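S.K.: For reference, the structure I am asking about is given below.
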Amino acid sequence: MGGVWAAVTPVRRWRAGTLTGAVVLLVTAATTAQAATRANPVVQRTVPRTAAAGTISTVAGGVGGPAKATRVPLFSPCGLAYIGGNVYVADSEVVRKVNPQSDWLTNLAGNAAPVSPLGDGGPAAAASLEGACSVVTDHFGNVLIGDQFHARVRMAVARTGTYFGRKFTAGNIYTVAGNGHLGFAGDGGPAIHARVGRVTGVALDGAGNLVVVSLNRRVRVVAAHTGTFYGQAMTIGDIYTVAGTDGPGFAGDGGPATAAQFNNLQALSIDAHGNLLVADQLNDRVRVVAEQTGTFYAQAMTAGDIYTVAGDGTFGFAGDDGPATSAELNFPQGVVTDSAGNLLVADIHNNRVRVVAGSTGMFYGQAMTEGDIYTIAGNGTAGFTGDGGPAAGAELSGPSGAAVDGAGNVLVADQGNLRVRVVAASTGTFYGQAMTRGDIYTVAGDPTGTGDGGPATSATLEHPTSMATDSAGDLFVGDGDSNFNQVRMVAGSTGSFFGKAMIKGHIYTVAGDGADNSSCPRANGGPATRFHLAFLGRVGLDNSGNLVFPDCAQVQVVAAQDGTFYGQAMTAGHIYTVAGDGLRGSSGNGGPATSAEFDFAEGGVGFISGAVTADLAGNLVITDTGNNWLRVVAAHTGTFYSQAMTKGDIYAVAGNGTPGFAGDGGPASAAELNSPDAVALDSAGNLVVADNGNNRIRVVAASTGAFYGQAMTKGDIYTVAGNGSQTFSGDGGPATAAGVASPSGTAVDSAGNLAVLDINDFRVRVVAASTGAFYGQAMTRGDIYTVAGNGIPGFAGDGGPATSAELDFQDIVGAALPSAGGVATDRAGNLLIADCFNARVREVAGWSSGQSAAAPAWPPPRRST
């Protein structure tokens with residue numbers, strides 16, 4: 001099954017993975033109340049602060065939304081429900097709600113972070129969900145979620161009260177079934193202690209009982225009240241099997257459901273008669289457990305017995321316009337009934353939505369015969385085409401769920417296309433769109449969308465790896481990986497920047513087209529947002545406010561305004577190459593920067609690195625990571641870093657090109673560096689370098705004097721943090737004696753403190769420039785302290801002490817990646833963290849309520865990492 005799902009879609013764009021076992025859906029009795037929702041506030045970084053010093057919060061990125069549903073990227077929509085006038089989208093790691101009248105999407109539960117605490121008993125929006133592909137709500141608006149990979153059913157509570165025998169508080173999330181372990185156990189006892197396995201479908205019956213299917217091949221019920229249900233005496237809060245036995249296999253049709261065998265149950269629904277419908281996926285059938293004796297789906301049924309109503313057990317596509325029980329299905333994934341009693345099936349590997357007619361008549365524009373099967377959406381080819389045209393001629397990609405809304409329109413979870421689509425039941429306006437009967441339309445999801453133009457806290461980021469801030473309060477984020485690269489800007493004020501109108505607190509793309517390829521064109525002065533960035537390094541700003549960054553083997557500039565920079569006439573918002581000939585190498589020192597070669601591969605092993613910033617003289621300072629140099633492009637002719645330089649030429653100012661550690665206390669140009677990853681400028685003009693491979697932070701002195709507790713000579717290099725060991729040690733003591741593991745970012749705050757991204761330790765640490773209180777801690781000059789991160793990779797802690805929070809800089813295989821994150825400081829004295837694999841920018845408050853950063857030690861025009 002893993003291989004099958006890998007061909008459909010990853011769980012998240014920024015996290016490779018598969019949905020093993022397929023998942024999905026549910027629908028049940030109508031409800032009247034709506035679940036409570038909350039919007040994410042836009043965080044304005046202003047002074048004074050209202051948060052306590054040392055508190056952490058998210059200021060950009062996250063789940064995505066609230067916003068127009070058609071503008072929000074979905075992660076992996078794998079289940080749907082229409083209840084109480086709203087569409088509920090089970091989106092793997094988030095549960096979302098779409099209002100059909102406004103087409104407005106809000107988030108009900110889930111934080112979309114790949115590794116984070118479960119969150120039971122806390123806010124639903126902060127909880128972790130994994131493989132959430134089935135959802136239903138009760139008449140109080142509470143949302144029940146099949147949390148597949150946590151092996152639980154969970155409830156996001158809208159109304160404080162007692163449910164399933166336990167007291168719950170509104171706004172929080174709780175487990176109502178499952179102990180988190182796979183397997184089958186616990187029948188007849190409390191549901192929260194039972195093993196329910198990977199839950200793939202949830203529903204509520206007419207008595208309010210929770211009905212669950214999972215990969216342990218059984219249909220089970222959690223009693224909402226004490227009484228007799230499904231022929232069994234049940235106690236409130238306990239769990240019972242009502243269908244299925246040991247398997248896998250196919251057996252039992254026409255007999256008691258408790259003796260039947262299933263093979264990979266994948267969805268659950270309850271029809272208007274109370275019958276239980278299940279997608280028996282690997283048996284390629286849809287089966288029904290009769291709730292009462294009667295004729296259903298053209299068959300005579302006995303209460304408590306089980307019957308096949310679609311599929312002959314052969315996987316494939318055949319049988320349209322004939323008896324459903326003689327047709328071929330191919331991994332049926334979702335089942336639901338409409339108001340006319342027809343059964344809709346998401347036939348995932350046939351890339352179709354099919355209907356088993358509940359009676360003879362005209363449905364979905366076709367004449368149908370009771371018990372026969374018909375295709376109403378999808379032409380069988382996996383892809384995305386057909387919006388605005390006939391649904392039967394459109395392409396779908398792995399439709400994994402279906403639902404029917406109040407107007408009779410059929411909703412499809414088009415999982416492989418990362419969209420929710422609608423087949424219009426009549427001509428009219430639905431989801432804010434004019435629709436024609438029988439045609440298909442996208443109503444939620446934009447695979448190319450990132451939330452641009454909206455609040456930064458409602459946007460989605462890919463892999464934020466670096467940041468820069470300016471004196472106007474703007475935040476720039478390098479966002480991407482080898483497949484997707486853009487530079488995005490959170491506006492610090494409302495106005496026109498980089499050639500586009502912006503609103504304070506909103507996010508915009510200022511460079512990169514987001515295309516997925518690895519070509520490395522030379523910037524030719526065209527619009528930066530149309531330019532392909534293949535291997536984006538760390539972003540910075542020059543002293544004119546232009547955006548600068550390495551890409552491929554070049555240094556690019558995006559002009560902030562019209563003017564002449566680096567000897568070129570530039571237009572605001574356009575991109576230009578100012579250094580590098582596009583070839584990977586090590587030539588060019590002492591000559592024109594545009595003819596030089598760079599190597600921005602981390603340690604020569606392919607991790608894209610390199611950083612650019614500007615010094616006090618306006619020279620561009622570049623970490624040439626693979627060449628183990630710190631290089632400078634001269635902005636003027638003169639003497640810099642003890643070298644005579646010519647305007648526009650390039651020079652190595654630190655590192656002799658040999659990877660290693662040597663040279664402390666002597667000329668920087670003769671020293672050895674090892675994969676220098678990031679560079680920052682302090683108030684004295686010293687260059688602060690994250691010497692990643694040496695596990696040290698080093699300083700190239702711009703002048704002779706005492707810095708960081710050491711006497712330094714102009715042009716020489718010194719270690720100011722790290723003892724060379726790739727371990728975590730030394731907090732509260734001298735920074736030079738501490739272990740710092742692969743430092744990947746550095747910044748200097750307004751008090752002169754040196755911030756370090758200690759990437760392999762999942763922490764941000766600070767070397768105190770003076771004795772005092774910073775980030776909520778008492779610090780001693782020259783000592784090192786953790787100010788964010790508890791050393792555990794994951795996502796947790798927003799709203800609390802940053803030192804208790806979790807950060808994540810590792811990929812899916814558990815390796816903390818060089819360059820997977822960055823740090824910066826803003827004008828308010830706060831510390832910003834590119835929390836790469838949590839796809840967020842997070843902020844640690846540097847000032848408590850009532851304090852002010854109005855008098856920083858140095859206010860340069862631009863600061864960057």
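The values are calculated or read from the model by the stated rules, or taken from the named source; none is laboratory data. Keep in mind that this is a model prediction, so the values were computed, not measured. Quick reminder, even Gly has a Cβ in these numbers, built from the backbone with ideal geometry, and neighbours come from all protein chains shown. These area figures cover heavy atoms from the full protein model, side chains too; ligands, DNA and RNA do not enter into them. Shrake-Rupley method; radii C 1.70, N 1.55, O 1.52, S 1.80 Å.
S.K.: Looking at (1) at pLDDT below 95; (2) open to solvent by less than 30 Å² (accessible area, probe 1.4 Å), find the lone condition where PRO248 falls short.
M.R.: (2)
S.K.: Can you name the number of the only condition in (1) surrounded by fewer than 24 Cβ atoms within 10 Å (Cβ to Cβ); (2) at pLDDT 90 or above; (3) not acidic (Asp, Glu) that ALA81 fails?
M.R.: With respect to (1) surrounded by fewer than 24 Cβ atoms within 10 Å (Cβ to Cβ); (2) at pLDDT 90 or above; (3) not acidic (Asp, Glu), ALA81 is out only on (1).
S.K.: Limited to region 749-776, what total is found for residues that are more than 18 Å from GLY685 (Cα to Cα), of a type outside the set (A, V, I, L, M, F, W, C) and in contact with a strand residue (DSSP E or B) (Cβ under 6 Å, 6 or more places away or on another chain)?
M.R.: So the answer is 5.
S.K.: For region 651-686, which residues satisfy the criterion of being β-branched (Val, Ile, Thr) and buried (at least 17 other Cβ atoms within 10 Å of the Cβ)?
M.R.: Of everything in region 651-686, those that are β-branched (Val, Ile, Thr) and buried (at least 17 other Cβ atoms within 10 Å of the Cβ) turn out to be VAL653, VAL679.
S.K.: Restricted to region 702-725, and to residues that are in contact with a Leu (Cβ under 8 Å, 6 or more places away or on another chain) and open to solvent by less than 20 Å² (accessible area, probe 1.4 Å), which residue is nearest to ALA820 (Cα to Cα)?
M.R.: So the residue we want is ALA721.
S.K.: Kindly indicate the residue of region 757-780 that is in a loop (DSSP other than H, G, I, E, B) and in contact with a Phe, Trp or Tyr (Cβ under 9 Å, 6 or more places away or on another chain) and also modelled with the lowest pLDDT among those meeting that condition.
M.R.: ALA769
S.K.: What pairs come out if I take residues in region 283-298 that are assigned to a loop (DSSP other than H, G, I, E, B) and pair them with residues that are of a type in the set (A, V, I, L, M) and open to solvent by 40 Å² or more (accessible area, probe 1.4 Å) whose C-beta lies under 8 Å away, six or more apart or interchain?
M.R.: Cβ pairs passing all conditions: ALA290/ALA303; GLU291/ALA303; GLN292/ALA303; THR293/ALA303.
S.K.: Considering region 125-144 alone, what residues qualify as being closer than 26 Å to LEU265 by Cβ, out of contact with any Lys or Arg (no Cβ under 8 Å at 6 or more places or on another chain) and not in a loop (DSSP other than H, G, I, E, B)?
M.R.: Answer for region 125-144, where residues must be closer than 26 Å to LEU265 by Cβ, out of contact with any Lys or Arg (no Cβ under 8 Å at 6 or more places or on another chain) and not in a loop (DSSP other than H, G, I, E, B): ALA132, CYS133, SER134, VAL135, VAL136, THR137, VAL143.
For every residue, the table says whether it meets (1) on the phi > 0 side of the Ramachandran plot; (2) hydrophobic (A, V, I, L, M, F, W, C); (3) surrounded by fewer than 17 Cβ atoms within 10 Å (Cβ to Cβ).
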residue: PRO550; (1), (2), (3): no, no, no
residue: GLN556; (1), (2), (3): no, no, no
residue: GLN568; (1), (2), (3): no, no, yes
residue: GLY573; (1), (2), (3): yes, no, no
residue: GLY582; (1), (2), (3): yes, no, yes
residue: ASN627; (1), (2), (3): no, no, no
residue: TYR641; (1), (2), (3): yes, no, no
residue: ASP649; (1), (2), (3): no, no, no
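S.K.: May I ask you to list the residues in region 135-148 that are open to solvent by less than 10 Å² (accessible area, probe 1.4 Å) and either hydrophobic (A, V, I, L, M, F, W, C) or more than 21 Å from LEU80 (Cβ to Cβ) (or both)?
M.R.: Listed by number, the residues that qualify are VAL135, VAL136, VAL143, LEU144, ILE145.
S.K.: Which one is farthest from PHE317 (Cα to Cα) among residues in region 366-381 that are aliphatic (A, V, I, L, M) and surrounded by 18 or more Cβ atoms within 10 Å (Cβ to Cβ)?
M.R.: Filtering first and then ranking leaves MET368.
S.K.: Can you tell me which residue among ASP474, ASP513 is over 24 Å from VAL823 (Cβ atoms) and of a type in the set (Asp, Glu)?
M.R.: ASP513
S.K.: Among the residues of region 513-548, count how many are among the small types (Gly, Ala, Ser), surrounded by fewer than 21 Cβ atoms within 10 Å (Cβ to Cβ) and modelled with pLDDT of 90 or more.
M.R.: Summing the residues that are among the small types (Gly, Ala, Ser), surrounded by fewer than 21 Cβ atoms within 10 Å (Cβ to Cβ) and modelled with pLDDT of 90 or more in region 513-548 gives 4.
S.K.: Using the structure shown, decide if VAL487 is out of contact with any Lys or Arg (no Cβ under 6 Å at 6 or more places or on another chain) and either in a loop (DSSP other than H, G, I, E, B) or in contact (Cβ under 8 Å) with a residue 40 or more places away in the chain (or both).
M.R.: yes
S.K.: Can you find, within region 726-756, the residue that is farthest from the chain's Cα centre (by Cα) among those that are modelled with pLDDT under 95 and open to solvent by 30 Å² or more (accessible area, probe 1.4 Å)?
M.R.: ALA751
S.K.: Additional query: Just name the residue that is most open to solvent (accessible area, probe 1.4 Å) out of those in region 629-639 that are in a strand (DSSP E or B) and free of Cβ contacts under 8 Å to residues at least 60 places away in the same chain.
M.R.: In this case the residue turns out to be THR639.
S.K.: While we're looking at this one, here's another question. State whether the residues of region 159-168 include one that is open to solvent by less than 30 Å² (accessible area, probe 1.4 Å), touching a residue at least 60 places away in the same chain (Cβ under 8 Å) and within 12 Å of SER92 (Cβ to Cβ).
M.R.: Checked against the condition, which is being open to solvent by less than 30 Å² (accessible area, probe 1.4 Å), touching a residue at least 60 places away in the same chain (Cβ under 8 Å) and within 12 Å of SER92 (Cβ to Cβ), region 159-168 yields no hits at all.
S.K.: Just to be sure I understand the filter: pairs with C-beta atoms under 8 Å, separated by 6 or more residues or on different chains, first member in region 373-392 and polar (S, T, N, Q), second member assigned to a loop (DSSP other than H, G, I, E, B). Which pairs pass?
M.R.: Taking only residues 6 or more apart or on different chains, the pairs are THR375/ASP320; ASN379/ASN351; ASN379/GLY386; ASN379/ALA394; THR381/ASN351; THR385/ALA394.
S.K.: Given (1) surrounded by fewer than 16 Cβ atoms within 10 Å (Cβ to Cβ); (2) out of contact with any helix residue (DSSP H, G or I) (no Cβ under 9 Å at 6 or more places or on another chain); (3) modelled with pLDDT of 95 or more; (4) of a type outside the set (Val, Ile, Thr), identify the lone condition not met by SER587.
M.R.: Going through the list (1) surrounded by fewer than 16 Cβ atoms within 10 Å (Cβ to Cβ); (2) out of contact with any helix residue (DSSP H, G or I) (no Cβ under 9 Å at 6 or more places or on another chain); (3) modelled with pLDDT of 95 or more; (4) of a type outside the set (Val, Ile, Thr), SER587 breaks only (2).
S.K.: Identify all residues within region 59-78 that are hydroxyl-bearing (Ser, Thr, Tyr) and surrounded by 22 or more Cβ atoms within 10 Å (Cβ to Cβ); write none if there are none.
M.R.: Correct list: SER76 only.
S.K.: So, in region 181-204, of the ones that are part of a loop (DSSP other than H, G, I, E, B) and open to solvent by less than 30 Å² (accessible area, probe 1.4 Å), which residue ends up nearest to ASP238 (Cα to Cα)?
M.R.: Looking at the filtered set, the residue picked out is GLY189.
S.K.: Moving to a separate point now. Check region 170-177 and report whether any residue there is under 32 Å from the mean Cα position of the chain (by Cα), farther than 15 Å from ALA90 by Cβ, assigned to a loop (DSSP other than H, G, I, E, B) and in contact (Cβ under 8 Å) with a residue 60 or more places away in the chain.
M.R.: yes
S.K.: Six or more apart or on different chains, Cβ atoms under 6 Å: show the pairs whose first residue is in region 690-702 and basic (Lys, Arg) and whose second is surrounded by 24 or more Cβ atoms within 10 Å (Cβ to Cβ).
M.R.: ARG696/GLY722; ARG698/VAL689; ARG698/ASP691; ARG698/ILE717
S.K.: In region 761-806, which residues are open to solvent by 20 Å² or more (accessible area, probe 1.4 Å), under 17 Å from ALA737 (Cα atoms) and in contact with a Lys or Arg (Cβ under 6 Å, 6 or more places away or on another chain)?
M.R.: The answer is none; no residue qualifies.
S.K.: For the list (1) out of contact with any Leu (no Cβ under 7 Å at 6 or more places or on another chain); (2) more than 30 Å from LEU80 (Cβ to Cβ); (3) buried (at least 19 other Cβ atoms within 10 Å of the Cβ), I need the number of the one condition that ILE503 fails.
M.R.: Condition not satisfied by ILE503: (3).
S.K.: Kindly indicate whether any position in region 85-100 is surrounded by 24 or more Cβ atoms within 10 Å (Cβ to Cβ) and modelled with pLDDT under 90.
M.R.: No.
S.K.: Going through ALA151, ALA125, ALA132 one at a time, which residue ends up being open to solvent by 20 Å² or more (accessible area, probe 1.4 Å) and among the aliphatic types (A, V, I, L, M)?
M.R.: ALA125
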